[in-house]
Amino acid sequence: MSILPKSTFGQTALLIAALLFINQLVSYLSVTHYFISPSYKQINKLISNQINTFFILDIESLSPAQIEKLTSTTGIRFHDEISAMHAGLGNAAYYDFMSKQITQQLGKDTEIRVKTGKNYMVWIKPPQDRDIWISIPLTGPNENSLSPLTMYFFVIGALSVTGGWLFVQRLNRPLQALQKGATQVEKGHFPAPLALVGSSEIIAVTEAFNKMSRGIKQLENDRVLMTAGISHDLRTPLTRIRLASEMLPDEQAWVKDGIEHDIEDLNAIINQFIDYAKQDQQETAVFANINELIHELVDSRTIISTHMIELKLAKVTATKLRTVGIKRVIENLIENALKYGSDTITISTAMVDKNRNILCCVRDFGKGIDQTQMEQMFTPFAQGDQARGTSGSGLGLAIVKRIIESHGGKIQFTNHPDGGLNASFLLPVSH
C-alpha cells in the first residue's frame, strides 16, 4: 500500500513540506557557515586576546583596588576553585568547540565552560595559571524568547503552508464542482452550466463538461419525446383493433379474448417504455419513512389466498424519497418474488453503516438465480431468469435500478445460503 497521498491537496502539501525542509536546511547551513561560525571565531579570538592581555599585565601584581575597578568596569572576575563553584561554575556546561579553538589560539590546553540563560557567562581556565578561573559576562539571548533564526523558520514555514493551502483550495474548488456535477448527471439530473474558473486547463475541462451535460440532456429529451410519440402512435391502432374485436360474433369469443389479452400485454410494455424514459424525475422528493410505504403497499395489495407476506421491519430514519418511485421499486420486487420465487416472502428493513444507510430486503424461498445471470438481471431488455419463463419487455428491473441509483443508493441480488433469493437495496439517509 502506497504511503504517498492521492489527493491534490495531500500531494501539494507534501511537495511544499519537502521544499520547505530543504529550504530551511540550506538556510540553516548558510547562516551557520557565513554568520554564526565567523561570529564564534571572533568571540573566541577576543577572549584569547583578553586572556593574553591579563597575563602580559601580570594580574597578580594588580592591587585589590585595581582588580575591583576592573571588575566594576568590565564585569570580569578572577576566582579560585572554591569561589568559582559558589559563583555558578557548577551550572556551566563544557563547550568543546570553543575550548579547541581557544586552545589553538593560546597554544596550550584551555578549558571553556558556558552558562546560558538570563546571566550568560563564559568561564575560562587559562593555561598560564591552572589554579584560577576567569569569568567573563556576555549578553546572550533570553531563554524565554525566540532567536531570530527560529522566528525566521516559523514565519517562512507558516507562509509556505498558508500559501500552499490557498493554492490547493483555489485548484480544488472547480474540481469539486466538476465532481458534484458528474454525480448529478450520473443520477439523471442535469445541473446548470458550471462557472468557468480556475487555471486554463481546468476551464477547458469545465467547458467540455458543460457541453457534454447539454448534449446528454438533449439526448434524454429527444428519447422521452420519441418514446412518447411511438407510444401514442402504437396506441391508436391498438384502440382500433380492440374496437374491431368487439364486433366479432359470439362464437369467436376465444379470438376476442386472445386479442384483448395481447392488447393488454402491449399496453403494459408501452407503459414500461415510458416509465424507463421518464426515470421518475418529475416527482419531488419528500421526507418519508420507508416502513410506512411498505405497509401501504402490503395493506392495499390484493393478496391471493396462497400468498403470504411476512414483515420484519426495524425502526428506520425518515429520509428524502420520491415516494411513487420507491413504491414502484418495492412493488416490482414483491411481484417478482411471488411470481418467480415462492408463495411466501419476507420483507425486512434495517439501519446499516452506522445509521448512514437504510437497507430494505425482499426475500423469497424459491430456487434462486444462477450466479452468472446476476449482473444481467438489471440490463435493459434482458431476460434474467429464462428458466422461470420470464416474459415482458425486460425493463422492470432496469427501471428499479435507475430509481434506486437516482436516490444515490445501490441494489443487488444475492442467493440466500438457506435457499431463495435476496433482492436488497440501500438508500442513503438525507438530513
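The values are calculated or read from the model by the stated rules, or taken from the named source; none is laboratory data. Note that the structure is a prediction, hence the values are computed from the model and not measured. Using ideal geometry, Cβ is built from the backbone for each residue, glycine included, and neighbour counts are taken over all protein chains shown. Each accessible area value is taken on the protein alone, full model and side chains, heavy atoms only, with ligands, DNA and RNA left out. Shrake-Rupley method; radii C 1.70, N 1.55, O 1.52, S 1.80 Å.
What percent does the relative contact order of segment 183-275 come to when contacts are Cα pairs within less than 8 Å and at least six residues apart?
About 22 percent, as a whole number.
Of 361, 178, 319, which is farthest towards the positive pole of the chain's charge dipole, taken about the Cα centre with +1 and -1 on the beta-carbons of Lys, Arg and Asp, Glu respectively?
Value: 178.
For helix 323-336, report the angle its Cα long axis makes with the longest principal axis of the Cα atoms of the chain; keep it between 0 and 90° and round to the nearest 10°.
60
Over the chain, calculate the relative contact order: mean separation of alpha carbon pairs under 8 Å at least 6 apart, over the residue count, as a percent.
10
Using a Förster radius of 51 Å, what is the FRET efficiency between residue 231 and residue 354 based on their Cβ-Cβ separation? Nearest 0.05, please.
On the way: r = 45 Å, r/R0 = 0.88.
It comes out at approximately 0.70.
Can you give the angle from 0 to 90° between the axis of helix 253-278 and the longest principal axis of the chain, with both taken from C-alpha atoms, to the nearest 10?
Helix 253-278 and the main axis of the chain meet at about 20 degrees.
Please list 328-336, 43-51 highest first by mean number of surrounding beta-carbon atoms within 10 Å per residue.
The peptides rank, most packed first, as 328-336, 43-51.
Tell me the per residue accessible area of the chain using a 1.4 Å probe; a whole number in Å² is fine. Let's see the in-between values first.
On the way: 26630 Å² over 431 residues.
Dividing the accessible area of the chain by its residue count gives 62 Å².
For residue 421, list long-range residues whose amide hydrogen, built 1.01 Å from N in the peptide plane, is under 5 Å from its own amide hydrogen.
So residue 421 has HN proximity to 364, 365, 366, 368, 416.
Pick out which of 121, 212, 374 has the largest mean-square fluctuation in a Gaussian network model of the chain, springs linking Cα atoms closer than 10 Å.
Result for the chain, Cα springs under 10 Å: 121 fluctuates most.
Which net charge results for the neighbourhood of residue 258, defined as the other residues with beta-carbon distances under 13 angstrom from its beta-carbon, given Lys and Arg at +1 and Asp and Glu at -1?
-3
Roughly how many percent of the accessible protein surface of the chain is carbon and sulfur, given a 1.4 Å probe and a whole-percent answer? Intermediate values should be presented prior to the final figure.
Values: 15520 of 26630 Å².
Roughly 58 percent of what the probe reaches on the chain is carbon or sulfur.
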